[in-house]
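The structure appears right after this line, and notes come after that.
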Amino acid sequence: MTQFIYGLLLYIFLMLPPVAALFESMMITHMHMQMPMLVISGFLMSGLLLRRSHLFLEKWNHNGIPGITLFMMIMIYWTIPRTMDEALTMQTMEIWKFISLPFLAGVPLRDSWKKLTKAWKNFIIFIFTVKYFGMGALYIWSEESLCNNYLVIDQLTLGWGFITTAICLVIYLVYAFSVNPSDYE
Amino acid sequence: MDAAIEQNRRAAVISEKKNKVLGVCLEDARISKSYLAVAFVALLLGGLLGLLQGLNRAGVLELPAWLNYYQILTAHGLLLVVVLSAFFTIGYFYAGLSHTLGGLLPKVRKLAWIGFWTKMVGLVLVVVPVLMNEASVMYTFYPPMAAHPVFYFGLVLVVLGIWILATGAFINVAHWRKNHKGQHLPILAFFATGVFVLLVGATAFVAVEVLFMIIPWSLGWVETINVMVARTLFWAFGHTAVNIWYLTAVSAWYVIVPKIIGGTRWNDYLTRVVVIALVIMNITGGFHHQIVDPGISLPIKFMHVFMSLAIGFPSLMTAYAMFRVFERTGRRKGGKGALGWFKKLPWGDVRFLSPFIAMAAFIPAGAGGIVQSTNQLDQVVHNTMWIVGHFHLTLGMSVVMTFFGISYWLVPYLSKRVLTPQMNKLGIIQTIIWTVGMVIMAISMHAAGLFGSPRRTSFTTYGDFAETLGWNPLMTAVGIGATLLLIAVILQVYAVFNMMFFAPKGEVEFPIAEIEQDEAPTPYMTERWGIWVVVMLIVIAMAYVLPLTDMIVNAPPGSPPFKTW
Ligand code: HEM
Ligand SMILES: [Cu+2]
C-alpha cells in the first residue's frame with residue numbers, strides 16, 4: 001500500500017503542468033527522466049493492481065515473456081523521434097504517453113521481471129544496450145533535426161545520454177558475467 | 001526470525017572475542033601510523049599558515065615581500081583539505097579494514113606502501129612549485145590561472161596513489177567476502193568500501209581535467225582551454241572529496257561513538273542504506289558550487305539543486321540516528337525524564353566530547369549549506385567570507401573534530417599505548433579551545449561575508465572606504481579565533497605524537513559498537529556493490545551529459561594560460 005501511494009504521488013507529480021513542462025523542455029530529460037519515471041511510477045503502483053488481477057495475469061503472463069515483450073514494445077515505441085514530437089503537439093498523444101508508460105510498461109515490467117530467468121534478464125539488458133548504442137549513434141551523427149520540437153544540440157545531447165547509459169549497461173553486464181555471486185553469497 | 005536474531009547475537013559475541021585475541025597487527029599498524037603522522041604534520045603546517053592568513057586579514061600582519069598571500073592560501077587549502085583529510089581517512093580506514101577483516105593481506109599491505117610513496121612523491125612535486133611561488137593558484141587551480149606543469153604532475157601522482165589504495169581496499173574486501181559467504185561486510189569495512197568507491201569516482205573527474213585538459217595546455221601543446229568544462233570537472237571532484245571526508249566522520253558517529261558511550265549501534269540496515277544513498281547521489285552535487293557560473297541554463301541549475309538537496313536527506317537520517325542512540329543509551333544508564341539521559345553521557349571523555357561537538361556543529365553548518373544551495377541566497381554570499389565560515393564549520397569542526405576524537409583512541413591502539421587520564425584532560429582542553437576558536441572565527445566570517453567582505457583577498461582598506469572599514473572589527477575577531485586555533489593545533493599535534501611514541505605501554509580497544517540484540521537481520525541487498533556502482537554511474541551520466549555537451553558544443557573561445565600573481 002505505501003508503495004502504491006508513493007507511485008501515485010510520483011505519477012501525480014509528473015503530471016503537474018510545470019513539472020511536465022520542465023521535463024519536456026529538454027529532449028534528454030523528456031526521454032531519459034520523465035519517461036523512466038513514469039515507468040517507475042507504474043512499477044510502484046502495480047503491486048496493488050497486480051494483486052487484484054492475479055488470476056488473469058497468472059494465465060496470461062505465467063513465464064513473464066508476454067509481459068516483458070509488451071514492456072519492450074512500449075519502450076521502443078517511445079524512443080521513436082516522431083512519437084516524442086507528437087506527444088508535444090497532440091494532446092491525445094500526451095495522454096497516451098501518460099497511460100502507456102506506467103500501465104503498459106511499468107506494470108508488466110514488475111509482473112514479468114521476477115518471473116524471468118537470469119539469462120532472460122541479461123538478454124533484455126543486452127537488447128537495451130545495443131539499442132542505446134544504436135540510438136546514440138543515430139542522434140549524434142544525424143545531420144538534420146529529427147524532432148520538430150527540439151534543436152540539433154538537444155538531439156546531440158540525447159545521443160550522448162544514450163551512449164553513456166549504454167556504457168553503464170555494459171559495465172553492468174561485464175559485472176554480471178565476470179562476478180559469480182555464489183563465490184560470495 | 002528468532003533464529004536469525006539469535007545468529008546475530010552469536011555473531012556479535014564471536015566478533016567481540018576474535019578482536020580481543022587478535023589485537024593489533026603491527027605491520028598493519030605501521031601503515032596507518034605513517035598516514036596519520038603525515039596527516040598531523042599537515043595540520044601543524046596548515047594551521048600555522050591559517051594563523052598567518054587570519055592575522056593578515058585582521059590587518060595586524062603585513063606579509064613580507066617574499067611571501068605572497070595567495071601562495072599561503074594555496075598551501076593552507078591543499079595541506080588541510082587534501083593532505084590532512086585524505087591521509088587521515090586512509091590511515092583510519094586501513095586500520096578499520098585490518099581490524100574488522102582480520103588483518104590486511106600481504107599484497108594489500110604492499111599496495112598500501114606503494115600508494116603511500118606515490119602520494120608522497122606527488123605531494124613533493126605539488127609543494128615545491130607552491131613554495132617557489134610558481135603555483136599560487138589555490139587549491140581549486142581554476143584555469144585560466146596556470147601553475148608550473150610540475151604542480152599538475154604532482155596532482156596526477158596523488159590521484160594515482162589513491163587509486164592504488166582503493167584497489168588494495170577492494171582486494172581485501174573481496175577476499176573477506178569469499179571467505180565469509182553470505183555474511184554482511186563488517187560495518188566499518190562497509191563504510192570504507194563506500195568511501196573508496198567515491199574516491200575513485202571523484203578522482204576520475206579531476207584526472208580527466210588534469211591529464212587531458214590542463215597538462216597539455218600548461219605545457220603549451222594546445223593554446224587554449226575550455227574554462228567551464230575544467231571547472232565542472234573540478235567540482236565533481238572537489239565537492240565529492242569534501243563529502244568523503246564527511247562520510248568518514250559519519251562512519252565514526254555511527255560505529256565508534258555508540259561504543260564509547262556504552263551503547264549499541266543504530267539500525268544496521270538503515271545505516272547501510274545511508275551509506276549507499278550517499279555514494280549514489282554524491283558526485284552530482286558538484287554543480288552546487290557552480291550556481292553562479294554562467295553557461296548553465298536555469299532549468300538545469302534547478303534540477304541540480306534538487307539533486308544536491310537530496311543529499312540532505314541521508315544527513316537528516318544521520319542526525320536522527322545519533323540522537324536516538326544517545327537517548328537510548330542515556331536512558332539505559334538511568335537517565336530520567338525528557339532530557340535526563342543527556343546528563344548520563346560521558347562528557348569527560350574526549351573520545352566522546354570531540355565528536356559530539358563535531359555533530360552539533362553540523363546543525364548550523366548544514367543549515368548554511370541549504371542557504372547556499374538556493375540560487376537567490378547564494379547570490380548574496382557567493383565568494384564572500386561567508387563561504388569560508390561555512391567550510392570551517394563543516395570541515396574545520398564537523399569533520400576535523402571527529403578526526404581529533406578518533407585520534408585519542410586510534411593512535412594509542414595502533415602504538416600499543418594507552419590514553420592516560422592526563423592526556424584525556426589535555427584532549428578536553430584542546431577540544432574546548434578549538435571549539436571556542438572555530439566558533440569565533442566562523443561566526444565572524446559568516447557575518448563579514450554578509451556585509452560583502454570577499455574571500456581569497458588579502459588585507460586592504462580599499463583606500464579607507466567607509467563601507468568596507470566596517471568589516472574590520474569582524475576580521476579582527478577572525479584573527480583572535482585563528483590565534484586560539486593555532487594553540488589547539490599545537491596541543492593536538494603534541495598529543496598525537498606523544499601517544500604515538502611516548503605514552504605508557506598497554507592495550508586499548510578498537511571501539512566498534514554492536515547491533516541491538518533484537519534487531520531484524522539486514523537484507524543481503526545492501527552488499528551488492530556492483531549494482532550500487534552502476535546506479536551511481538547512471539545518476540552521474542544523467543546529471544553531467546547535458547551541461548557538458550552544451551559547454552563543449554557551444555563553447556566560447558578558449559583561454560590561454562595566465563599567471564595572475
Ligand atoms: C588553525 C586553524 C585554521 C585557521 C586559522 C584557518 C584560517 C583560514 C583563513 C583565514 C582562510 C582564508 C580566507 C580567505 O582569504 O579566503 C582559510 C581558508 C581555507 N581554509 Fe582554513 N583555517 C584553519 C583550519 C582549516 C581546516 C582544519 C581546514 C580543512 C580541513 C581548512 C580549510 C580551508 C580551505 C579549504 C580554505 C580555502 C582556501 C581557498 O580559498 O583557496 N582550514 N582558512
Ligand atoms: Cu559541495
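Among the conditions (1) among the hydrophobic types (A, V, I, L, M, F, W, C); (2) under 12 Å from A:Asp111 (Cα atoms); (3) without any contact (Cβ under 8 Å) to a residue 60 or more places away in the chain, A:Phe23 misses just one, which is (2).
I'd like to know if segment B:94-102 contains one or more residues that are farther than 23 Å from B:Ile256 by Cα, in contact with a Phe, Trp or Tyr (Cβ under 7 Å, 6 or more places away or on another chain) and in a loop (DSSP other than H, G, I, E, B). No, segment B:94-102 contains no residue that is farther than 23 Å from B:Ile256 by Cα, in contact with a Phe, Trp or Tyr (Cβ under 7 Å, 6 or more places away or on another chain) and in a loop (DSSP other than H, G, I, E, B). If the condition is being away from ligand 1 (no atom under 12 Å from the Cβ) and free of Cβ contacts under 8 Å to residues at least 24 places away in the same chain, then segment B:450-460 contributes only B:Phe451.
Within segment A:149-185, the residues that satisfy the criterion of being surrounded by fewer than 17 Cβ atoms within 10 Å (Cβ to Cβ) and part of a loop (DSSP other than H, G, I, E, B) are A:Leu151, A:Val179, A:Asn180, A:Glu185.
For the structure I just gave you, tell me whether B:Leu79 is more than 16 Å from ligand 2 (Cβ to nearest atom) and closer than 14 Å to B:Gly154 by Cβ. Judged against the criteria, B:Leu79 is a match.
On the given criteria, is B:Asn179 free of Cβ contacts under 8 Å to residues at least 12 places away in the same chain and under 30 Å from A:Ser182 (Cα atoms)? Don't jump to the end; show me each part of the working.
Numbers: free of Cβ contacts under 8 Å to residues at least 12 places away in the same chain: yes; under 30 Å from A:Ser182 (Cα atoms): yes.
The answer is yes for B:Asn179.
Can you give me the number of residues within segment B:207-252 that are closer than 20 Å to B:Leu157 by Cα and more than 14 Å from ligand 2 (Cβ to nearest atom)? Qualifying residue count for the region: 15. Scanning segment B:333-350 for residues that are under 17 Å from B:Ile260 (Cα atoms) and not in a loop (DSSP other than H, G, I, E, B) returns B:Trp341, B:Phe342, B:Lys343, B:Val350.
Evaluation of B:Arg177 against the conditions (1) in a helix (DSSP H, G or I); (2) surrounded by 24 or more Cβ atoms within 10 Å (Cβ to Cβ); (3) modelled with pLDDT under 95 shows that the sole unmet condition is (2). From the list B:Phe497, B:Phe502, B:Phe465, B:Phe510, pick out the single residue that is touching a His at 6+ places or on another chain (Cβ under 9 Å), over 30 Å from B:Pro143 (Cα atoms) and away from every other protein chain (no Cβ under 14 Å). Of B:Phe497, B:Phe502, B:Phe465, B:Phe510, the one residue that is touching a His at 6+ places or on another chain (Cβ under 9 Å), over 30 Å from B:Pro143 (Cα atoms) and away from every other protein chain (no Cβ under 14 Å) is B:Phe510. Scanning segment B:519-538 for residues that are within 27 Å of the chain's Cα centre (by Cα), in a helix (DSSP H, G or I) and within 10 Å of chain A (Cβ to nearest Cβ) gives B:Glu527, B:Trp529, B:Gly530, B:Ile531, B:Val533, B:Val534, B:Val535, B:Met536, B:Leu537, B:Ile538.
On the stretch given as segment B:297-314, residues that are surrounded by 15 or more Cβ atoms within 10 Å (Cβ to Cβ) and within 10 Å of chain A (Cβ to nearest Cβ) total 3. Any residue that is in a helix (DSSP H, G or I), out of contact with any helix residue (DSSP H, G or I) (no Cβ under 9 Å at 6 or more places or on another chain), within 10 Å of chain A (Cβ to nearest Cβ) and over 30 Å from B:Ala135 (Cα atoms) - is there at least one of those in segment B:552-561? No, segment B:552-561 contains no residue that is in a helix (DSSP H, G or I), out of contact with any helix residue (DSSP H, G or I) (no Cβ under 9 Å at 6 or more places or on another chain), within 10 Å of chain A (Cβ to nearest Cβ) and over 30 Å from B:Ala135 (Cα atoms). Can you confirm whether segment B:182-193 contains a residue that is more than 23 Å from B:Tyr269 (Cβ to Cβ) and at pLDDT below 95? Looking for residues that are more than 23 Å from B:Tyr269 (Cβ to Cβ) and at pLDDT below 95, one finds none in segment B:182-193, hence no.
Being touching a helix residue (DSSP H, G or I) at 6+ places or on another chain (Cβ under 7 Å) and more than 11 Å from chain B (Cβ to nearest Cβ), is that true of even one residue in segment A:149-164? Taking every residue of segment A:149-164 in turn, at least one turns out to be touching a helix residue (DSSP H, G or I) at 6+ places or on another chain (Cβ under 7 Å) and more than 11 Å from chain B (Cβ to nearest Cβ).
Just checking, which of B:Val250, B:Val242 is within 23 Å of B:Trp529 (Cβ to Cβ), surrounded by fewer than 22 Cβ atoms within 10 Å (Cβ to Cβ), within 16 Å of ligand 1 (Cβ to nearest atom) and in contact (Cβ under 8 Å) with a residue 24 or more places away in the chain? Lay out the reasoning, then the answer.
Details: B:Val250 fails: surrounded by fewer than 22 Cβ atoms within 10 Å (Cβ to Cβ).
Checking each option against the conditions leaves just B:Val242.
Scanning segment B:292-339 for residues that are among the small types (Gly, Ala, Ser) and more than 28 Å from the chain's Cα centre (by Cα) yields B:Gly295, B:Ser297, B:Gly330, B:Gly334, B:Gly335, B:Gly337, B:Ala338. Applying a threshold of 9 Å to beta carbon distances and a minimum spacing of six or more residues, or different chains, the list of pairs starting in segment B:273-290 at a residue that is part of a helix (DSSP H, G or I) and ending at one that is among the acidic types (Asp, Glu) and surrounded by fewer than 23 Cβ atoms within 10 Å (Cβ to Cβ) reads B:Phe287/B:Asp293; B:His288/B:Asp378.
Within segment B:282-296, track down each residue that is within 16 Å of ligand 2 (Cβ to nearest atom) and exposed (fewer than 14 other Cβ atoms within 10 Å of the Cβ). Walk me through how you get there before you give the answer.
Step one: of segment B:282-296, the residues within 16 Å of ligand 2 (Cβ to nearest atom) are B:282-293, B:296.
Listed by number, the list holds a single entry, B:Val292.
Tell me, yes or no, whether segment A:168-177 has at least one residue that is free of Cβ contacts under 8 Å to residues at least 60 places away in the same chain and within 15 Å of the chain's Cα centre (by Cα). Scanning segment A:168-177, I find at least one residue that is free of Cβ contacts under 8 Å to residues at least 60 places away in the same chain and within 15 Å of the chain's Cα centre (by Cα), so the answer is yes. Candidates in segment A:138-148 are the residues that are assigned to a helix (DSSP H, G or I) and surrounded by fewer than 17 Cβ atoms within 10 Å (Cβ to Cβ); of these, the one that is farthest from the other protein chains (Cβ to nearest Cβ) is A:Leu138.
The values are calculated or read from the model by the stated rules, or taken from the named source; none is laboratory data. Keep in mind it's a predicted model, so treat the numbers as computed, not measured. Virtual Cβ from ideal backbone geometry, glycine too; neighbours counted across all protein chains shown.
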